[in-house]
Amino acid sequence: MKRHAFTIGLLASFLLSAVAHYVGAPTFSPTVQFFISAVAIIFVAGFLGKATESVAHYAGERLGGFLNATFGNAAELIIAIFLVKDGMFEIVKASITGSIIGNMLLVLGLSVLLGGLKYKEQTFNVKLAGHNGSLMLLAVIALFIPAAFARSFTTQETSNLSVIVSVILIIAYLLWLVFSMITHKNELSDEVVEHGEAAWSKGLSIVLLIIATAMVAFQSEWLVHTLEPFSHQYGLSELFVGAFLIAIVGNAAEHSAAVMMARKNKMGAAVEIAVGSSLQIALFVAPVLVLLSLLFGKTMDLVFTTYEIIAIGVAAFIAKSISKDGATTWFEGVLLLVVYIILGIAFFLV
């Protein structure tokens, strides 16, 4: 019954969003278009999450978490590509900030809280936690340096630095995948837990994953077109729209997948989805967007605002502090959510 209700909601919201996009105003106001698109992309991201989880069943726990994080980030990446194409760099950087802190604080916080309410203490690989902490610090450093030196550089020099840093970060991230998935795979893996039955067969799971990704691409473009008129109508800053509205909507797939894993006492997979997703955004997605911007004729730099760098630094600090011992309790989830709420209020008031 639940599956049928979800399918109906998915198809109905997607079709309604398509109609709202192509018919437009005055039949559908900017507010109505935005909310229809936001609801639709949550359903589409949920579909993407289910397809990814089914594929992950056949791929194994470690690779499964990576796939969840990667395809869960598809919504944010595709939304960001359309924004970069339109030259809306400030919203892109705000959405990158929102994705990083959203995954480290909101997704991880909800997973730790709801998993902790069911199990007194949940554990995961402590070595993996240590490496994740180091990579979080690398992400903060990489985003801090271009901003710190930007005042002394010309626009061209700042763009050149951003491109060079982006290439270095992509190489570092690819080497991390080799390290964690190949050379030190056994040292960083968790105890194998039974997965249960997959939702679909292996072949059908792959086909549905491709369909879900295509739906995310269309829905992301429709959502982007509603952002500017919606934010202007309500006087919302680009920082708040990018860092919280887009990030929360785009993180829907990670929310469902990570919480589901935590409730099954698979905290290692939940951490891989939440923290791994943040690291992927910072070390791979953001640099890729910088390089893609070259194709559109105007380079997006890696100069983030002071507010954004502080938010990412704070999120990395508390996430590293909580996960460093390889064990979590429900109260630590509360701490992560409190920090997220405080940042949300501050961004809204900016």
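The values are calculated or read from the model by the stated rules, or taken from the named source; none is laboratory data. In this text the structure is predicted, and so the values were computed from the model without any measurement. Cβ: placed from backbone, ideal geometry, glycine included. Neighbour counts: every protein chain shown. The protein model used for the area step is the full one, side chains on, heavy atoms only, and it has no ligands, DNA or RNA in it. Shrake-Rupley method; radii C 1.70, N 1.55, O 1.52, S 1.80 Å.
Just wondering, is there one or more residues in the stretch 128-145 that are open to solvent by less than 20 Å² (accessible area, probe 1.4 Å) and touching a strand residue (DSSP E or B) at 6+ places or on another chain (Cβ under 7 Å)? Within the stretch 128-145, not a single residue is open to solvent by less than 20 Å² (accessible area, probe 1.4 Å) and touching a strand residue (DSSP E or B) at 6+ places or on another chain (Cβ under 7 Å). Just to be sure before I move on: is GLU221 closer than 25 Å to LYS50 by Cβ and either open to solvent by 50 Å² or more (accessible area, probe 1.4 Å) or among the hydrophobic types (A, V, I, L, M, F, W, C) (or both) in the structure I sent? Judged against the criteria, GLU221 is a match. Selection of the stretch 315-350 for residues being over 25 Å from ARG263 (Cα atoms), among the small types (Gly, Ala, Ser) and touching a residue at least 40 places away in the same chain (Cβ under 8 Å) yields only GLY344. Within the stretch 286-298, residues that are closer than 19 Å to SER95 by Cα sit with their Cβ atoms under 8 Å from residues that are hydroxyl-bearing (Ser, Thr, Tyr) and open to solvent by 30 Å² or more (accessible area, probe 1.4 Å), at 6+ positions apart or across chains, in these pairs: VAL290/THR299; SER293/THR299.
Restricting attention to the stretch 19-31 and to residues that are in contact with a helix residue (DSSP H, G or I) (Cβ under 7 Å, 6 or more places away or on another chain) and part of a helix (DSSP H, G or I), the residue that is nearest to VAL216 (Cα to Cα) turns out to be HIS21. At least 2 residues being open to solvent by less than 40 Å² (accessible area, probe 1.4 Å), of a type in the set (Ser, Thr, Tyr) and out of contact with any strand residue (DSSP E or B) (no Cβ under 6 Å at 6 or more places or on another chain) is the threshold, and among the helices (runs of 4 or more DSSP H) wholly inside the stretch 258-338 those reaching it are 267-280.
Determine which member of the set SER37, SER13 is among the hydroxyl-bearing types (Ser, Thr, Tyr), assigned to a helix (DSSP H, G or I) and either over 19 Å from ILE246 (Cα atoms) or in contact with a His (Cβ under 8 Å, 6 or more places away or on another chain) (or both).
Details: SER13 fails: either over 19 Å from ILE246 (Cα atoms) or in contact with a His (Cβ under 8 Å, 6 or more places away or on another chain) (or both).
The match here is SER37.
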